[in-house]
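Inspection log for the structure reproduced underneath, given as structure tokens.
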Amino acid sequence: MSADATVRDGARRAEGRILALSHDLHAHPEVAWEEERSCVRVAGVLSDAGFTVEQQYVGLPTAFRAHVGSGPLHLAVCAEYDALPGLGHACGHNVISAISVGTALALAPLVDELGITLSVLGTPAEEGGGGKIDMLKRGAFEGVHAAVMAHPGPVDVARAEPYAVSHSHIRYDGKAAHAAAYPERGVNAADAFTVAQVAIGLLRQQLPSSTRVHGMMTRGGEAPNAIPQRTEGRWYVRAETLEELARIEPRVARCFEAGAVATGCELTIAPESEPYSEFRTDEVLLASYVRHAEGLGRVFRTGADSLMNRASTDMGNVSQVIPAIHPYIGIDSAPAVNHQAEFAAASAAPAADRAAVDGALALALTLLDACGSATREYLLTARR
């Protein structure tokens, strides 16, 4: 049997396992840094298939590495499995895990013949926690020559073009007082947020059109008849590049400072993770993925249909270090889009199952191509 036929047969044999995994994760969503069950479940499928599994990888409780083979070319597939608070798998990370596991199961029978080490890296906390950034800093990607994954969206989009993004926790501390009897004795932390949000709204006119500044209050006070003593929120700033982000962030910070100055509150701004980077696509790997996905009948979109490819991801940071791709695979969710409850429902529908199967096979064939002599030599020397 040819290598291509072996991969296709392996992907077909894995279908039942990866779809069961996708639906199980979907039924038991866990948010960033709390993916204990999900981490064990995803790693367990690989362990049962003969992969060597390291749980709590690089010291992160909900990260893992599963690997097979010992060849000099080290290829990694990244799995995400965190869900969104209150929305479950409204970004389809259950499908990502299914695709990544299916990719590995399809390619595993060939690792010795191809002379590769094949790893699946379980990466926690993509939804704002920067799990891959922590893993990079702790050495999880040392010795890896290329990393791939595929992310669900409404339609297929080949190229990831995410914004760089920073995630900040905002806190104002004021002074409580009875809102009717002694309002003048209070320092209103809710007013501080109001001033800051008005300032941000006015600032947007002077920001580049691609910039995004958005967030929410997570704590607005204690009681309607008490001057709010403490308010908290989470705010994101997005820009085309980390360099542009570094220029814009101080301007947004001054809006929050304005709230503190106007009300007399004390302001604390704390990063929730290191900033996510823009993406550096590996053109060789992407061309291979597109060819194989189109061979399976996938149709890639551009323009207004393709906006999910602008979503920020900590995979961007990985792409700055090693060759990487992050295509989007469509689950036919229209009119629902990512981060809506309707998209969560679509992530366990038949079209999402088809996407999981197609994505696994397309990525497996892409990695098979990466083992060819020309691409192999390029990857062995391409670490940035």
With a ≥ b ≥ c from the Cα gyration tensor eigenvalues, square-rooted, and the rule rounded for a/c under 1.5, otherwise prolate when a/b > b/c and oblate otherwise, the range 265-351 is oblate
Using alpha carbon centers only, the range 38-81 is separated from the range 312-363 by a whole-angstrom value of 20 Å
Note, the range 287-295: 3J(HN,Hα) by Karplus (6.51, -1.76, 1.60, θ = phi - 60°), whole Hz, Gly/Pro = x, goes 4, 5, 4, 4, 4, 6, 5, 5, x
For the chain, percent of DSSP beta bridges that are antiparallel (nearest 5) comes out at 70 percent
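At a 10 angstrom cut-off on C-beta neighbours, averaged per residue, how do the peptides 322-330, 219-227, 153-161, 86-94 rank from highest to lowest?
Working: 322-330: 25.7, 219-227: 13.7, 153-161: 22.0, 86-94: 24.1.
Listed from highest to lowest mean packing, they are 322-330, 86-94, 153-161, 219-227.
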With a Förster distance of 51 angstrom and the Cβ-Cβ distance between Met1 and His169, calculated FRET efficiency to the nearest 0.05 equals 0.40
For 247-258, 69-80, ranked highest to lowest by mean beta-carbon neighbours within 10 Å, the order is 69-80, 247-258
Taking a probe of 1.4 Å and leaving out DNA, RNA and ligands, the range 232-295 shows per residue an accessible area in Å² of 48 Å²
Amide H proximity to His339 below 5 Å, modelled H, separation 5+ or other chain, gives Cys91
Taking a crude spin-label model, label points 7 Å out from Cα along the C-beta direction, the Ala180 to Arg247 distance in nm is 5.3 nm
Karplus-derived 3J(HN,Hα) from phi for the range 236-241 (6.51 cos²θ - 1.76 cosθ + 1.60, θ = phi - 60°), whole Hz, x at Gly and Pro, runs 10, 10, 10, 8, 5, 9
Amide H contacts under 5 Å for Gly215, restricted to residues at least 5 apart in sequence or on another chain and with H modeled in the peptide plane, are Tyr236
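Counting only protein heavy atoms, what percent of the accessible surface of the chain is carbon or sulfur at a 1.4 Å probe?
Values: 8030 of 15490 Å².
That share works out to 52 percent.
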In whole Hz, the Karplus estimates of ³J(HN,Hα) for the range 340-349 (6.51, -1.76, 1.60; θ = phi - 60°; x where Gly or Pro) are 10, 4, 5, 5, 4, 4, 5, 6, 10, 8
Percent relative contact order for the chain, counting Cα pairs under 8 Å at least six residues apart, stands at 23 percent
Burial-style ranking of 191-197, 59-65, average other-beta-carbon count within 10 Å with highest first, yields 191-197, 59-65
In the list [x] 1.04; [y] 0.96; [z] 1.12, the entry giving Rg/Rh (Cα atoms, Kirkwood Rh) computed from the coordinates is [x]
In this structure, the FRET efficiency calculated for Ala226 and Ala351 from their beta-carbon separation, with R0 = 56 Å, to the nearest 0.05, is 0.65
Rounded to whole Å², per residue accessible area for the range 1-112 with a 1.4 Å probe reads 37 Å²
Which residues qualify? For Ile116, with a placed amide H closer than 5 Å and at least 5 residues away or on another chain, they are Ser70, Gly71
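Per residue of the chain, what 222 nm ellipticity follows from adding -39500 (n - 2.57) for every DSSP H run with n ≥ 4, rounded to the nearest 500? Walk me through the numbers on the way to the answer.
Values: 12 runs with 154 residues, N = 384.
Taken over the chain, the calculation gives -12500 deg cm²/dmol.
The values are calculated or read from the model by the stated rules, or taken from the named source; none is laboratory data. Quick caveat: nothing in here was measured; it's all calculated off a predicted structure. Glycine also receives a Cβ, built like all others from the backbone with ideal geometry; neighbour counts cover every protein chain displayed. Protein only, heavy atoms only, side chains kept; ligands, DNA and RNA dropped before computing areas. Shrake-Rupley method; radii C 1.70, N 1.55, O 1.52, S 1.80 Å.
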